[in-house]
1. Residue pairs, Cβ under 6 Å, 6 or more apart or interchain, first in the range 12-31 and in contact (Cβ under 8 Å) with a residue 24 or more places away in the chain and assigned by the TED database to the domain that holds residue 51, second assigned to a loop (DSSP other than H, G, I, E, B) and away from ligand 3 (no atom under 16 Å from the Cβ). List them.
2. Does residue 254 satisfy being more than 23 Å from residue 151 (Cβ to Cβ) and touching a residue at least 24 places away in the same chain (Cβ under 8 Å)?
3. So, in the range 144-153, exactly how many residues are farther than 14 Å from residue 190 by Cβ, within 13 Å of ligand 2 (Cβ to nearest atom) and crowded, with 17+ Cβ neighbours inside 10 Å?
4. Which members of the range 6-33 meet the condition of being touching a helix residue (DSSP H, G or I) at 6+ places or on another chain (Cβ under 7 Å) and part of a strand (DSSP E or B)?
5. Can you name every one of the helices (runs of 4 or more DSSP H) wholly within the range 197-252 that holds 2 or more residues which are modelled with pLDDT under 95 and within 16 Å of ligand 1 (Cβ to nearest atom)?
6. Out of the residues in the range 1-31 that are within 16 Å of ligand 1 (Cβ to nearest atom), more than 15 Å from residue 232 (Cβ to Cβ) and over 16 Å from the mean Cα position of the chain (by Cα), which is surrounded by the most Cβ atoms within 10 Å (Cβ to Cβ)?
7. Filter the range 55-84 down to the residues that are over 22 Å from residue 8 (Cα atoms) and assigned to a strand (DSSP E or B) and list them by number.
Ligand SMILES: Nc1ncnc2c1ncn2[C@@H]1O[C@H](COP(=O)(O)OP(=O)(O)O)[C@@H](O)[C@H]1O
Ligand SMILES: CC(C)(COP(=O)(O)O)[C@@H](O)C(=O)NCCC(=O)O
Ligand SMILES: [K+]
């Protein structure tokens, strides 16, 4: 069995993948600040023979995790951002500094689409672009929904993330503090993604497919009017392309690959952008 780990700043996600059939056997998550050994929601390591890791949390979290797992598991592959991989050139001045979750999203997104814009809605919301030539352009980082709310320090930090069914109404003016904050933050995130994406497509003179992932992706997806595809396993898929282990992975079949959608029309996007820029 393969254990894949995606250690984000908020949550450490794990999944168990069958090495022969490529089926996902189990999934879970725990708070990144918690110790790996505590709590009930950890995978059964007895059945794990290889581990692949994406980590953007503190280095000591990774070291602790690897030390603990090494005693039990033979092979551990830790992903790193590099200047080049699989025909993609990292656009960062110092490529190693690009968050590895972003790099993995770019690798899997490119494999799926041959050039795209990737958005990861987690603790931070990140956007990256990779062109059909394989050139990664770099991207943008803004605070995620939860961080934006917490930064207001209005005693709203206990407010739960909007339940999904409310997302469609989440752009109306709030008539109480909770709604004003939730709707404002939601609007800020959606507007930023819209604008950055359209600016990117405009400047590159091409409509890139838009892929989104991360804990808040289902919510953001409901507010985004642009054609896009959600890919919950996009970071895991980056681990699959970087360290292919199963027969399917070796053939380029990645877990949970969405259908590639047709991006918005570039002319229409330019009209929308011109309107935004006038204001
Ligand atoms: N049940 C949940 N528990 C924690 N965070 C959640 C939950 N549902 C949605 N979220 C949102 O998802 C974010 C974490 O998403 P994730 O992509 O795992 O982040 P990261 O990779 O930064 O740890 C939180 O900041 C929060 O806004
Ligand atoms: C931007 C991030 C904090 C996002 O992390 P996440 O929200 O997924 O926990 C992470 O990708 C990171 O630490 N990046 C390093 C800095 C950079 O990418 O420029
Ligand atoms: K993120």
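1. 14/43; 16/1; 16/43; 19/246; 22/246; 25/18
2. yes
3. The total comes to 1.
4. 6, 7, 15
5. Where helices (runs of 4 or more DSSP H) fall fully within the range 197-252 and carry at least 2 residues being modelled with pLDDT under 95 and within 16 Å of ligand 1 (Cβ to nearest atom), they are 217-223.
6. Among those that are within 16 Å of ligand 1 (Cβ to nearest atom), more than 15 Å from residue 232 (Cβ to Cβ) and over 16 Å from the mean Cα position of the chain (by Cα), it is 30.
7. Matches in the range 55-84: 84 only.
Every residue, every condition in (1) modelled with pLDDT under 95; (2) in contact with a helix residue (DSSP H, G or I) (Cβ under 6 Å, 6 or more places away or on another chain); (3) surrounded by fewer than 23 Cβ atoms within 10 Å (Cβ to Cβ), yes or no:
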residue: 67; (1), (2), (3): yes, no, yes
residue: 71; (1), (2), (3): yes, no, yes
residue: 81; (1), (2), (3): no, yes, yes
residue: 91; (1), (2), (3): no, no, yes
residue: 99; (1), (2), (3): no, no, yes
residue: 106; (1), (2), (3): no, no, no
residue: 111; (1), (2), (3): no, yes, yes
residue: 118; (1), (2), (3): no, yes, no
residue: 130; (1), (2), (3): no, yes, no
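The values are calculated or read from the model by the stated rules, or taken from the named source; none is laboratory data. What you see is a predicted model, and the numbers here were worked out from it, not measured in a lab. Cβ sites come from the backbone with ideal geometry, for glycine too, and all protein chains shown count toward neighbours.
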